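Peer 1: Can you keep this structure in mind? I'll have questions shortly.
Values quoted throughout were computed directly from the atomic coordinates according to the rules given, and no laboratory measurement underlies them. Computed from a predicted model, the values in this text were never measured in an experiment. We place every Cβ from the backbone using ideal geometry, glycine too, and count neighbours over all the protein chains shown.
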Amino acid sequence: MTNRAFKAEDTCVTVDGRSIGNGHFGIIAGPCSVESRSQIVDVAKAIELSGANFLRGGAFKPRTSPYDFQGLRSEGLALLRAAKKATGLPIVTEVMAVKTLEDHADDIDIIQIGARNMQNFDLLKAAGQLRKPVLLKRGMSATIEEFLMAAEYILSEGNDQVILCERGIRTFEKYTRNTLDLSAIPVIKRYSHLPIIIDPSHATGDSRYVESMALAAVAAGADGLMIEVHNNPETALSDGKQSLTPVQFNAVMEKVTQLAKIM
Ligand code: PEP
Ligand code: MN
């Protein structure tokens, strides 16, 4: 059960000795898409030096247009493994289909289920049958109740290693890509023992706003952050506008670490 009434202690999700939740603040970072070996290995090394705990990169991409870059798929997973080998960082990557989960779950440390699949109930049930962590992103028009019920699908199959991720919801506002619902942090903490992290990159859609929303998330009690970082955002095959350079990410990490210490 996701509900706090059934579990007093906060859930802590741990992979290779790195934890998120129950007092452990986790940083997941990396490019929107895995593009090449040197790209992912270089980003992984940079974010590791800045203090990130997990490497995230998309291999199977849920793009709005079918004509946009769809990801390197299984080749992308192999490149993520190479980056893990080079840095030791566990891998977070999105899976969009049950078949992909069946074929590749063993190669992934944390299975990401994206906003567009938050209510793909077959995928949620299949992830629930695994015994490995799942990062579940809030649907762009999902209420918190629907978000928690989506997580319940995973837990109800016996997998209680779930990390929730608020990534902004769709509102009438156009100056940001989505509207970051920071209040989801205390609300989810009231109702659930599951860790809740914030993705300021997809929430704002603009690298200029990532630092302020990352710091706000720490202040609001988030259990971690997921931030997009690209070696050269201008040439990124997806989400370059919202991606930080490794230097910018390092600067954000310094402030985040300081603030997290006093929280
Ligand atoms: C992503 O994290 O790469 C992504 C596509 O985000 P979301 O599912 O939140 O849109
Ligand atoms: Mn992205």
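Peer 1: Kindly list the number of the only condition in (1) in contact (Cβ under 8 Å) with a residue 60 or more places away in the chain; (2) out of contact with any strand residue (DSSP E or B) (no Cβ under 8 Å at 6 or more places or on another chain) that fails for Ser238.
Peer 2: The failed condition is (2).
Peer 1: Within the stretch 200-228, can you find the residues that are of a type in the set (Asp, Glu) and out of contact with any Asp or Glu (no Cβ under 7 Å at 6 or more places or on another chain)?
Peer 2: Scanning the stretch 200-228 gives Asp206, Glu211, Asp223.
Peer 1: Tell me yes or no: at least one residue of the stretch 158-172 is of a type in the set (A, V, I, L, M, F, W, C), under 14 Å from the mean Cα position of the chain (by Cα), within 18 Å of Ile20 (Cα to Cα) and within 16 Å of ligand 2 (Cβ to nearest atom). If you could, list the steps in order and put the result at the bottom.
Peer 2: The first filter runs over the stretch 158-172 and keeps only residues of a type in the set (A, V, I, L, M, F, W, C), leaving 162-165, 169, 172.
Right, trim to under 14 Å from the mean Cα position of the chain (by Cα) and you get 162-165.
With within 18 Å of Ile20 (Cα to Cα) added as a condition, the list becomes 162-165.
Then drop every residue that is not within 16 Å of ligand 2 (Cβ to nearest atom), which leaves 165.
Checking the stretch 158-172: at least one residue is of a type in the set (A, V, I, L, M, F, W, C), under 14 Å from the mean Cα position of the chain (by Cα), within 18 Å of Ile20 (Cα to Cα) and within 16 Å of ligand 2 (Cβ to nearest atom).
Peer 1: Kindly check whether there is at least one residue in the stretch 25-39 that is within 24 Å of Asn120 (Cα to Cα), of a type outside the set (S, T, N, Q) and away from ligand 1 (no atom under 15 Å from the Cβ).
Peer 2: No, the stretch 25-39 has no match at all.
Peer 1: Which residues, taken from the stretch 194-224, are over 20 Å from Gly139 (Cβ atoms) and within 16 Å of ligand 1 (Cβ to nearest atom)?
Peer 2: Correct list: Asp206, Ser207, Tyr209, Val210, Ala214.
Peer 1: Please state which one of Thr2, Thr64, Thr93 is more than 16 Å from Ile110 (Cα to Cα) and crowded, with 18+ Cβ neighbours inside 10 Å. Lay out the reasoning, then the answer.
Peer 2: On the way: Thr64 fails: crowded, with 18+ Cβ neighbours inside 10 Å; Thr93 fails: more than 16 Å from Ile110 (Cα to Cα).
Thr2 is the lone residue from the list that is more than 16 Å from Ile110 (Cα to Cα) and crowded, with 18+ Cβ neighbours inside 10 Å.
Peer 1: Give the number of residues within the stretch 153-173 that are buried (at least 17 other Cβ atoms within 10 Å of the Cβ) and of a type outside the set (Lys, Arg).
Peer 2: Start the filter on the stretch 153-173 by keeping residues that are buried (at least 17 other Cβ atoms within 10 Å of the Cβ), which leaves 153-155, 159-169.
So of that shortlist, the ones also of a type outside the set (Lys, Arg) come out as 153-155, 159-166, 168-169.
Here the count works out to 13.
A quick yes/no check of all residues on (1) surrounded by 16 or more Cβ atoms within 10 Å (Cβ to Cβ); (2) closer than 18 Å to Ile20 by Cα; (3) of a type outside the set (A, V, I, L, M, F, W, C); (4) within 16 Å of ligand 2 (Cβ to nearest atom):
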| residue | (1), (2), (3), (4) |
| --- | --- |
| Ala214 | yes, yes, no, yes |
| Ala219 | no, yes, no, no |
| Ala222 | yes, yes, no, no |
| Met226 | yes, yes, no, yes |
| Val229 | yes, no, no, yes |
| Gly240 | yes, no, yes, yes |
| Val252 | yes, no, no, no |
| Val256 | yes, yes, no, no |
| Ile262 | no, yes, no, no |
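Peer 1: Same structure, new question: Could you give me the residue pairs with C-beta distances under 7 Å whose first residue belongs to the stretch 211-231 and is farther than 13 Å from Gln248 by Cα and free of Cβ contacts under 8 Å to residues at least 60 places away in the same chain, whose second residue is small (Gly, Ala, Ser) and within 13 Å of ligand 1 (Cβ to nearest atom) wherever it lies, and which are 6+ apart or on separate chains?
Peer 2: Between residues of the stretch 211-231 that are farther than 13 Å from Gln248 by Cα and free of Cβ contacts under 8 Å to residues at least 60 places away in the same chain and residues that are small (Gly, Ala, Ser) and within 13 Å of ligand 1 (Cβ to nearest atom), the close pairs are Met213/Ala203.
Peer 1: If I go through the stretch 51-81 residue by residue, how many of them are of a type in the set (A, V, I, L, M, F, W, C) and within 18 Å of Asp103 (Cβ to Cβ)?
Peer 2: Our first condition is that a residue be of a type in the set (A, V, I, L, M, F, W, C); within the stretch 51-81, this holds for 52, 54-55, 59-60, 69, 72, 77-80.
When the remaining residues are screened for being within 18 Å of Asp103 (Cβ to Cβ), the result is 59-60, 72, 77-80.
Total meeting the criteria: 7.
Peer 1: Test Ser183 against the stated conditions and say whether it is of a type in the set (Ser, Thr, Tyr) and within 25 Å of Thr14 (Cα to Cα).
Peer 2: Details: of a type in the set (Ser, Thr, Tyr): yes; within 25 Å of Thr14 (Cα to Cα): no.
No, not satisfied.
Peer 1: Is it the case that Ile91 is closer than 28 Å to Ser192 by Cα and out of contact with any Lys or Arg (no Cβ under 6 Å at 6 or more places or on another chain)? Reasoning before the result, please.
Peer 2: Values: closer than 28 Å to Ser192 by Cα: yes; out of contact with any Lys or Arg (no Cβ under 6 Å at 6 or more places or on another chain): no.
Judged against the criteria, Ile91 is not a match.
Peer 1: To continue, here is another question. Inside the stretch 99-145, can you point out the residues that are among the charged types (D, E, K, R) and away from ligand 1 (no atom under 11 Å from the Cβ)?
Peer 2: The answer is Lys99, Glu102, Asp103, Asp106, Asp107, Asp109, Asp122, Lys125, Arg131, Lys132, Glu145.
Peer 1: Please determine, by comparing only the residues of the stretch 225-240 that are more than 9 Å from the chain's Cα centre (by Cα) and in a strand (DSSP E or B), which one is farthest from ligand 1 (Cβ to nearest atom).
Peer 2: Restricting attention to the stretch 225-240, the residues satisfying the condition of being more than 9 Å from the chain's Cα centre (by Cα) are 228-240.
Then drop every residue that is not in a strand (DSSP E or B), which leaves 228-229.
Details: Glu228: 8, Val229: 12 Å.
Ranking the qualifying residues of the stretch 225-240, first place goes to Val229.
Peer 1: Quick one: what pairs do we get from the stretch 49-71, first residue free of Cβ contacts under 8 Å to residues at least 24 places away in the same chain and over 27 Å from Val252 (Cα atoms), second assigned to a loop (DSSP other than H, G, I, E, B) and within 10 Å of ligand 1 (Cβ to nearest atom), C-beta under 6 Å, 6+ apart or different chains?
Peer 2: Partner pairs satisfying both residue conditions: Gln70/Lys61.
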